[in-house]
1. Express in nm, to one decimal, how much length is gained between Ala163 and Ala29 on full extension, taking 0.36 nm for each residue of separation and deducting their alpha carbon distance.
2. At a threshold of 8 angstrom on Cα-Cα distance, excluding pairs fewer than six apart, so keeping six or more, what relative contact order does the chain reach in percent?
3. How much area per residue is accessible in the chain when the probe is 1.4 Å and only protein heavy atoms are counted (Å²)?
4. Ignoring any ligand, DNA or RNA, what whole percent of the accessible area of the chain comes from carbon and sulfur when the probe is 1.4 angstrom?
5. Distance in nm between label sites at Glu18 and Lys65, each 7 Å beyond Cα in the beta-carbon direction?
6. Rounded to the nearest 500 deg cm²/dmol, what is the calculated helix-only ellipticity per residue at 222 nm for the chain, with -39500 (n - 2.57) per DSSP H run of length n ≥ 4?
7. Debye sum, Cα scatterers, segment 145-193, no solvent: what log₁₀ I/I(0) at q = 0.14, 0.21, 0.32 1/Å?
8. Highest mean first, how do 19-27, 90-98, 115-123 rank when packing is the count of other Cβ atoms within 10 Å averaged over residues?
Amino acid sequence: MAEFGPNSITLRDGTPAELRHATPEGAAAGVEYLRELYARAADYLIAQGDEYDPADPAYPERLGKTLADPRSLHVYAWSGGRAIGDAIFQGGSKRRNLHTGWFGVGVHPDWQGRGLGRVLTRTVLDWAAGHREIERVTLRAFAGNARAIALYRSFGFVETDRARHAFKLEDGSYTDDLGMCLYVKPGVAAEGFRTYDPGGRPGQ
């Protein structure tokens, strides 16, 4: 299991919160958080609210795999006894991709706009930068999610690929699936990409 926290934080509006690694004991709260996220913030998620089944065993199974993997991390933000956001890093599982992994972040609709997404992103990048094996962090985002993409770019993420018309929306329009990457160890970034510096400004 990856080592992490707990860490106390203060959001942009002064609200205190705490970051803690996901645990089996908190699985029920995690499921409830995901239910609300899919129901109320599905504009940039593949699954819609009515497609998310809280009884689906996928989340507990995925949580179990994450907890057992020292190259994976799942952090929840808590306030007032509720999960208000989360970030996950899933490390590679083969010898040739142990140095890389994918990252995702979510924030409960009631808690957006308070800087929590930035805190969660920095938390995962700091953790990855301090991990002895992880060199490369990747993510995927709806190309129309300008707010999230701006956040990722502010940390130094660079676009790697774009799958055209990957998603068909309810109004019949399409949106692209955007891939991005950031390196977290010095001296290994591919040409044209950037390296994250935990001690400096994002993306420097």
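1. 44.9 nm
2. It rounds to 15 percent for the chain.
3. Per residue, the chain has an accessible area of 53 Å².
4. Details: 5200 of 10730 Å².
Accessible surface attributable to carbon and sulfur in the chain totals 49 percent.
5. Label at Glu18, label at Lys65, 3.0 nm between them.
6. Working: 4 runs with 49 residues, N = 204.
Value at 222 nm, helices only, nearest 500: -7500 deg cm²/dmol.
7. With one equal scatterer per Cα and no solvent, log10 I(q)/I(0) is -0.45, -0.80, -1.17.
8. Details: 19-27: 15.3, 90-98: 12.7, 115-123: 20.6.
In decreasing order of mean packing, 19-27, 90-98, 115-123 become 115-123, 19-27, 90-98.
The values are calculated or read from the model by the stated rules, or taken from the named source; none is laboratory data. Note that the coordinates shown come from a computational prediction; the quantities given were computed from them, not determined experimentally. Glycine gets a Cβ as well: all are built from the backbone with ideal geometry, and neighbour counts include every protein chain shown. Only protein heavy atoms, including side chains, enter the accessible area calculation; ligands, DNA and RNA are left aside. Shrake-Rupley method; radii C 1.70, N 1.55, O 1.52, S 1.80 Å.
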